[in-house]
1. Are any residues in region A:154-174 buried (at least 19 other Cβ atoms within 10 Å of the Cβ), out of contact with any helix residue (DSSP H, G or I) (no Cβ under 7 Å at 6 or more places or on another chain) and over 15 Å from A:Gly92 (Cβ atoms), and if so, which ones?
2. For region C:13-37, what are the residues that are surrounded by fewer than 13 Cβ atoms within 10 Å (Cβ to Cβ) and farther than 21 Å from C:Val211 by Cβ?
3. Out of A:Val238, A:Val250, A:Val180, A:Val215, report the one residue that is aliphatic (A, V, I, L, M), touching a residue at least 12 places away in the same chain (Cβ under 8 Å) and in a loop (DSSP other than H, G, I, E, B).
4. Go through A:Asp121, A:Asp137 for me and flag whichever is of a type outside the set (A, V, I, L, M, F, W, C) and either touching a helix residue (DSSP H, G or I) at 6+ places or on another chain (Cβ under 6 Å) or assigned to a loop (DSSP other than H, G, I, E, B) (or both).
5. Looking for whichever is more than 19 Å from C:Thr103 (Cβ to Cβ) and in contact with a Ser or Thr (Cβ under 9 Å, 6 or more places away or on another chain) here; the options are C:Thr234, C:Thr226, C:Thr196. Which one fits?
6. Which of the residues belonging to region A:217-226 are over 13 Å from A:Gln240 (Cα atoms), β-branched (Val, Ile, Thr) and either at pLDDT below 85 or buried (at least 17 other Cβ atoms within 10 Å of the Cβ) (or both)?
7. Name the single residue that is nearest to A:Lys50 (Cα to Cα) among those in region A:73-111 being charged (D, E, K, R) and within 8 Å of chain C (Cβ to nearest Cβ).
8. List every residue pair whose Cβ atoms sit under 7 Å apart, with the two residues 6 or more apart in sequence or on different chains, where the first one lies in region A:29-58 and is under 16 Å from A:Gly17 (Cα atoms) and the second, anywhere, is of a type in the set (Gly, Ala, Ser).
Amino acid sequence: METEDYVIIENLRFTRGERRIFDDINLRIPRGKITAIMGPSGTGKTTLLKLISAQLRPQSGCVDVDGKKIYDLSRKELFAARRDMGLLFQSGALFTSLSVYDNVAFPLRVHTNLSEVMIHDLVLLKLEAVGLRGACDLMPSELSGGMARRVALARTIALDPKLVMYDEPFTGQDPISMGVIVKLIKALNDALELTSIIVSHDVEETRSIADYIYVISDGKVIGEGTPEALDASDSPEVKQFMHGLPDGPVPFHYPANELKQDLLGAK
Amino acid sequence: MGRKSIEFAVGVFVILAVLAFVMLTFKVSGLTDYVSSGGYDLSADFNNIGGLKNNAPVSVGGVKVGQVTDITLDPTTFQAKVSIHMNSDNTKLPVDTSARILTQGLLGANYIGLSPGGMPQNFKNGDQIQTTYSALVLENLISQYLFSTSNKKSGSQS
Amino acid sequence: MIKRIQSLGANTLDVVHKIGRAGVMIFRTLVRVPRPVKAFPLLIQQLYSVGVLSLIIIIVSGGFIGMVVALQGYNTLVQFGATSELGPLLALSVVRELGPVVTGLLFAGRAGSALTAEIGLMKATEQLDSMEMIGVDPLWRVISPRFWAGVICMPLLAIIFIAVAILGGYVVGVDWLGVDSGTFWSSMQSSVSFHTDLLNGIIKSVVFGVVVSWIAVYQGFDCYPTAEGIGRATTRTVVYSSLAILGLDFVLTAMMMGGW
């Protein structure tokens, strides 16, 4: 019996050192749709992805992925669960000692016992999907940043996962590669019936493909809804973020004394 | 670098290390002494062994035939008990062979020199060399010399 | 004043904490023995980059050290008419001390720092994270082969260093300075013991290998994942390894000389 939401995050609390990064947050990621998690830099969006994939453990709360409570899984079960998850890291994180072909083949060789012939076909098909089949013999150092990210995407979907998480996929891309990535995320999500989570602070691009958006700040959800709903939102924090206003709840000025005091005091 | 050439290079590396080890074992540490065929043991008591150490060579006429294997102090006679291993069974020594502690060069290490006797019977494994000469201690030599010179002086005067 | 004592206490606790983390890491690396079929090629690759690529520096250094010891030794021995002892002087100093220690220091500088930088870079570019995400434990795929390669290569390199040093000393002592070849080798053979000298020297190099590899691998794994962090971790590897080698050398020598 498939749940309507692929990922359910309940009462998640996570602290790192002194900082409370997530404070009792609740999120639901619907199946088959593209959900975006947005917010200012440093709010711990990447940490959230790591919590969902069980690379990190929270202090309290639970995460339900496809009906399974992932923090209760044994090592073997977690290994199997990871087969259905893909995480595209911000820098691509290709293995620099392996060629493009071997990078994409890596998850296949780890999780399956397929013959090299079958792996060969699968790898080429995945690379074809991202438009880089011709680059399969290159080494990661010979790729541009955008190409590296696309190869990493091919590696992420190599095992046909059900959930794909994108960590800041639009950051630092030129307009053409940006367009390519946007198109790929949408096309893959629809063609492979994936559930996609995009973590980004790029409002423009994200709004164009996201079905639902969560805005997180200071460890709490400060706004959620469809892109249109958020545009019309009254909340000042959401407004400042969505419209890119320089001053608002997040102040322009770093806390300091009054200007008069500093100028006169210096004299 | 291809897989094959990496494996080849690692193989060469290991072979090089093994060769170096073999060279060290035989040329540098003289392990051949330990892999000798048979041999037999003798012992000898000395009043004073001077600077004789374990593994010091034992020679006959300057040719090394064995080495010192153990040095202990006899608690009753207060003599130094030296155990010797003869490397080859073919080196047969008469039972009246004497052992003397000598020095290699002027400042060199001590070693044991064996002077063969003339008796027909030979040593067997575990026998003890009866006639031994202790090491020459420099201080004794000097005091002997001083004593004999002062003797001569007083002798010639009177 | 109170603050100074406080920070001293905090620093000490920090050091103990770090050693604990290093211990846990190495324990987890050793305990999870990987499948041999998959792990062997990784080990071979690391034996190449750690061992084979260090050969040149080891051989060149060994040659020079042997030559210098022979030269210096000769200059001193000739004053006592004891040049026949050049062989033992060279062999004992190289086999007992210079071989394991200098090889260890060079190894820490060349291979140790390279290991730290490599692992640190993999951490900074999130390769270790993505490996974990795909379901492969980076401890056994990345750390373990490098650690074992270091432990295996150190004694091999030390043996080669010692052999080359003695050959270098032979060239200087016999061919150049005129010490008699037969005397050179025979007095060396009678003073170098296989068990106490050669084997102990090899044991030392194994211990150094374990320590240097452990430090190098841990510093890379635990570093701050930025360019600056990698740089500092690399420096720490070389410094800590060198200090550990010198300290352990004294301890081991005392144990061995004391007749354990």
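The values are calculated or read from the model by the stated rules, or taken from the named source; none is laboratory data. Treat the numbers as computed from the prediction; the structure is a model and nothing was measured. Cβ: placed from backbone, ideal geometry, glycine included. Neighbour counts: every protein chain shown.
1. Hits for region A:154-174 are A:Pro161, A:Leu163.
2. Within region C:13-37, C:Leu13, C:Arg32, C:Val33, C:Arg35, C:Pro36, C:Val37 qualify.
3. Details: A:Val238 fails: in a loop (DSSP other than H, G, I, E, B); A:Val180 fails: in a loop (DSSP other than H, G, I, E, B); A:Val215 fails: in a loop (DSSP other than H, G, I, E, B).
Checking each option against the conditions leaves just A:Val250.
4. Numbers: A:Asp121 fails: either touching a helix residue (DSSP H, G or I) at 6+ places or on another chain (Cβ under 6 Å) or assigned to a loop (DSSP other than H, G, I, E, B) (or both).
Step by step, each of A:Asp121, A:Asp137 is checked, and only A:Asp137 is of a type outside the set (A, V, I, L, M, F, W, C) and either touching a helix residue (DSSP H, G or I) at 6+ places or on another chain (Cβ under 6 Å) or assigned to a loop (DSSP other than H, G, I, E, B) (or both).
5. Values: C:Thr226 fails: in contact with a Ser or Thr (Cβ under 9 Å, 6 or more places away or on another chain); C:Thr196 fails: in contact with a Ser or Thr (Cβ under 9 Å, 6 or more places away or on another chain).
Result of the check over C:Thr234, C:Thr226, C:Thr196: C:Thr234.
6. First pass over region A:217-226, keeping only residues over 13 Å from A:Gln240 (Cα atoms): A:218-221, A:224-226.
Adding the requirement that they be β-branched (Val, Ile, Thr) leaves A:221, A:226.
Correct list: A:Val221 only.
7. As a first pass, look at region A:73-111 and keep what is charged (D, E, K, R): A:75-77, A:82-84, A:102, A:109.
Applying the additional criterion that residues be within 8 Å of chain C (Cβ to nearest Cβ) yields A:82-83.
Working: A:Arg82: 12, A:Arg83: 15 Å.
Only one residue tops the list, namely A:Arg82.
8. What qualifies is A:Thr43/A:Ser217.
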